[in-house]
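Peer 1: Take this structure first; my questions come after.
The values are calculated or read from the model by the stated rules, or taken from the named source; none is laboratory data. Because the structure is a prediction, the values reported are computed rather than measured. A quick note on method: Cβ atoms are made from the backbone with ideal geometry, for glycine too, and the neighbour counts reach across all protein chains shown. Just the protein is used for accessible areas: all its heavy atoms, side chains included, with ligands, DNA and RNA removed. Shrake-Rupley method; radii C 1.70, N 1.55, O 1.52, S 1.80 Å.
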Amino acid sequence: MKFNPPTGYKHGDAPRIGVLLVQLGTPDEPTAPALRRYLSQFLSDPRVVEIPRLVWLPILHGIILNVRPAKSARKYASIWMKGGENGGPDQGSPLRVYSEKQAKLLRGYLGDAGIHAEVALAMRYGNPGVESVLNGLLEKNVDRLLVVPMYPQYSATTTASVIDEVNRALFKVRNMPELRFVKHWHDDPGYIDALVASVRRHFEREGVPEKLVMSFHGVPKRTLLLGDPYHCECYKTARLVAERLGWPRDKLVVSFQSRFGKAEWLKPYTQETLVELARSGTEHVAVMCPAFVADCLETLEEINDEVRHEFLEAGGKRFDYIPCLNDSDPWIHALTGIVRSHMQGWGDGKADIAQLKTTASEAQRVGASNISEKAA
């Protein structure tokens, strides 16, 4: 999609602060054609698949996009959030539903803190795309923009890809906004507290398991060998959560899920780990996914369905899934804190109307024609 930049600066416009939350993405609907479009964009990203293009693209378009979309569509259909009790329209993908709630709540929490900011949500893959959302923010005269990739632990396959896409989308913009990125928050005290609160709530309601499993999204092992800090940041998150909980180390298990292809990925693998736990006599586990701040296909279908089934089939007796942070109050408080800490020096976003009118009048006096109607 071609990016059409805003028409340009107008004297007397109030400059605004913008916050852009960027999630991984989701198909528009749980159908094979929608999954084909989504997977084509996702798996064409060289940050995600680092195989040489001449080798990878024929495999992607010749095999994967002809086989995988239908299978993935069935999985998405199993978690798609339906309409309300009165039979209204489907709410959509859980990732998008919860992410939209997070953006809306963040806007309100910032407002309660006296900060006036435009908060928007974009998807790295799928809709709403980064380009179109950025365009909308710039049309609202956002000239200070904080981009928050919604990945607590940094990886070149995720966070860096968001940075790439934002910079690409801004490449043709003449009046560039001041730009900041949040790289990671894997050890942010608010984020850790939100995870701990979710675990404690679950334990109080469902009882304490024999093992607490923290399943993080996997990445190829070669990314670690090339210097990607993701593996280390995952383990630090797990350690900090366990320490805050007072959870014994021998009852904590860290694993990695969502392996794709035949290459070696970060180990231990979640599914194999849960099967081995069941076979070795562990009857009751609780599983959480700290790398995801919103429930999605990888948590609801892969973990709470497929891995649950494998654990019980291997002899386990009870499998508890601890939901992602989603729109929980502790998490939105933490996200607000993360955003505010990265907006230092930007003020509260309130417009000085008198100053804007003075600016517009002076510009008009010297012959400028691009005067904001609001300040004229």
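Peer 1: Quick one: would you say Pro209 is touching a strand residue (DSSP E or B) at 6+ places or on another chain (Cβ under 6 Å), farther than 27 Å from Asp327 by Cα and in contact (Cβ under 8 Å) with a residue 24 or more places away in the chain? Give the derivation first.
Peer 2: On the way: touching a strand residue (DSSP E or B) at 6+ places or on another chain (Cβ under 6 Å): yes; farther than 27 Å from Asp327 by Cα: no; in contact (Cβ under 8 Å) with a residue 24 or more places away in the chain: yes.
Against the criterion (touching a strand residue (DSSP E or B) at 6+ places or on another chain (Cβ under 6 Å), farther than 27 Å from Asp327 by Cα and in contact (Cβ under 8 Å) with a residue 24 or more places away in the chain), Pro209 does not qualify.
Peer 1: Next up: Within the stretch 139-180, can you find the residues that are outside any strand (DSSP E or B), open to solvent by 20 Å² or more (accessible area, probe 1.4 Å) and either over 27 Å from Phe260 (Cβ atoms) or in contact with a Leu (Cβ under 9 Å, 6 or more places away or on another chain) (or both)?
Peer 2: Correct list: Glu139, Lys140, Asn141, Tyr151, Ala156, Thr158, Asn167, Phe171, Lys172, Arg174, Asn175, Met176.
Peer 1: State which residue pairs qualify: first residue touching a residue at least 60 places away in the same chain (Cβ under 8 Å) and inside the stretch 37-64, second residue part of a helix (DSSP H, G or I) in any location, beta carbons under 7 Å apart, and separation of 6 or more residues or different chains.
Peer 2: Asp45/Ser161; Arg47/Ala160; Arg47/Ser161; Arg47/Asp164; Val48/Phe42; Val48/Ser161
Peer 1: Can you tell me which residues in the stretch 129-138 are under 18 Å from Arg96 (Cα atoms), open to solvent by 10 Å² or more (accessible area, probe 1.4 Å) and hydrophobic (A, V, I, L, M, F, W, C)? Full working, then the answer.
Peer 2: Pass one, the stretch 129-138, residues under 18 Å from Arg96 (Cα atoms): 129-134.
Right, trim to open to solvent by 10 Å² or more (accessible area, probe 1.4 Å) and you get 129, 131-133.
Residue satisfying the conditions is Val133 alone.
Peer 1: Now, a different point. When you scan the stretch 82-120, how many residues do you find that are modelled with pLDDT under 95 and within 19 Å of the chain's Cα centre (by Cα)?
Peer 2: 2
Peer 1: Additional query: So is Val253 on the phi < 0 side of the Ramachandran plot and crowded, with 23+ Cβ neighbours inside 10 Å or not?
Peer 2: Considered against the rule, which asks whether it is on the phi < 0 side of the Ramachandran plot and crowded, with 23+ Cβ neighbours inside 10 Å, Val253 comes out as no.
Peer 1: Okay, moving on. Looking at the stretch 119-137, I want the residues that are farther than 15 Å from Phe171 by Cβ and have a partner that is small (Gly, Ala, Ser) and in a helix (DSSP H, G or I) with Cβ atoms under 7 Å, at least 6 apart or on another chain. Which pairs are those?
Peer 2: Val119/Ala103; Ala120/Ala103; Ala120/Gly136; Leu121/Ser99; Leu121/Ala103; Arg124/Ser161
Peer 1: Give the residue, chosen from Glu272, Glu233, that is among the acidic types (Asp, Glu), closer than 27 Å to Glu313 by Cβ and either open to solvent by less than 50 Å² (accessible area, probe 1.4 Å) or not in a loop (DSSP other than H, G, I, E, B) (or both).
Peer 2: The match here is Glu272.
Peer 1: Please pick out the residue among Leu297, Leu312 that is under 30 Å from Met150 (Cβ atoms) and modelled with pLDDT of 95 or more.
Peer 2: Result: Leu297 is the single residue among Leu297, Leu312 that is under 30 Å from Met150 (Cβ atoms) and modelled with pLDDT of 95 or more.
Peer 1: If you go through the stretch 99-113, how many residues are part of a helix (DSSP H, G or I) and either of a type in the set (Phe, Trp, Tyr) or open to solvent by 10 Å² or more (accessible area, probe 1.4 Å) (or both)?
Peer 2: The qualifying residues number 9.
Peer 1: Still on this model: Quick check on the stretch 12-35. Is at least one of its residues in contact (Cβ under 8 Å) with a residue 60 or more places away in the chain, of a type outside the set (Gly, Ala, Ser), open to solvent by less than 50 Å² (accessible area, probe 1.4 Å) and assigned to a helix (DSSP H, G or I)?
Peer 2: no
Peer 1: Looking at (1) on the phi > 0 side of the Ramachandran plot; (2) not in a loop (DSSP other than H, G, I, E, B), which is the only condition Gly227 fails?
Peer 2: With (1) on the phi > 0 side of the Ramachandran plot; (2) not in a loop (DSSP other than H, G, I, E, B) applied to Gly227, the lone miss is (2).
Peer 1: Moving to a separate point now. Here is a list: Glu243, Glu276, Glu272. Which entry is free of Cβ contacts under 8 Å to residues at least 40 places away in the same chain, of a type in the set (D, E, K, R) and under 29 Å from Gly190 (Cα atoms)? Break it down into steps so the answer makes sense when it comes.
Peer 2: Numbers: Glu276 fails: under 29 Å from Gly190 (Cα atoms); Glu272 fails: under 29 Å from Gly190 (Cα atoms).
Going through Glu243, Glu276, Glu272 in turn, just one is free of Cβ contacts under 8 Å to residues at least 40 places away in the same chain, of a type in the set (D, E, K, R) and under 29 Å from Gly190 (Cα atoms): Glu243.
Peer 1: To continue, here is another question. Need the failing condition index for Ala286 against (1) over 18 Å from the mean Cα position of the chain (by Cα); (2) under 30 Å from Leu110 (Cβ atoms); (3) small (Gly, Ala, Ser); (4) open to solvent by less than 10 Å² (accessible area, probe 1.4 Å), just the number.
Peer 2: Condition (2) is where Ala286 drops out.
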